[in-house]
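Beneath this line is the structure, given in structure tokens, with notes to follow.
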Amino acid sequence: DTLGAVLIMVGVFKLSAIAVQDRFVTLMRFVKVVSVLVVLNTIRAHFIMPLPPLVVAAVNLFGLVTQVAIVAFCVAMRWFCEEAGLSWPAESWKFTTKLFIIIYLFPLGLLQLAGLVAVISGQSSNVNLGPAGLLLLPVFVVPLVHLFVSTSRMKRGAETIVSG
Amino acid sequence: VDSVTRAITPLRMIFWGGLLCI
């Protein structure tokens, strides 16, 4: 997890170095901050220890912020494509954004919100999906695969422009 | 166009990172 988070962080920093426009830079700044915090959070998750309720609440809230950051990232990439005059890849990123909202932000966000409410109201919440969780795994891969597809479309779009 | 080409590698990194995080 930490390795993956570091990869994402480096990728995000490299991307935001390619400054396009003000709103892209602003949105990417938010994504950068979250990506660093995600790395720290995965390191924290290595240590299994009972956490005070306030920290549990903070971790839940942070999870929610992370989902928002992922969506923000996709929107930033759409702007990036629009700025470069790549309309088809921009449409593709729009679809990637929708997938992340439907599959990540909505269900996971609700789960984290429920966790947050549970902590505040002093109950312990434990979501255990069991074997069903494994079946859900391919579903979570879908938006990521589409992210890859969008990237490939960007590449092809750029190549088409270069070759005329 | 140049900036798009430069964006491909970091995007691929983010994809693999995301895959590792699932």
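Structure data summary
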| item | result |
| --- | --- |
| Top of A:Asn60, A:Asn41, A:Asn128 by mean-square fluctuation, Gaussian network on chain A, Cα under 10 Å | A:Asn128 |
| Under 5 Å, built H, 5+ apart or other chain: amide partners of A:Val20 | A:Val25 |
| The protein assembly as shown - charge dipole about Cα centre, Lys and Arg +1 at Cβ, Asp and Glu -1, debye rounded to 20 | 120 |
| Chain A, relative contact order [Cα under 8 Å, separation at least 6], % | 23 |
| Rounded tilt (10° steps) of A:2-17 against the dominant C-alpha axis of chain A | 40 |
| For the protein assembly as shown, average projected area of the Cα convex hull in nm² | 10.6 |
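FYI, it's all coordinate maths here, none of it is from the lab. Remember, predicted model here, so these are calculated numbers, not experimental data. Every residue, glycine as well, gets a Cβ built from its backbone with ideal geometry; the counts of neighbours run over all protein chains shown.
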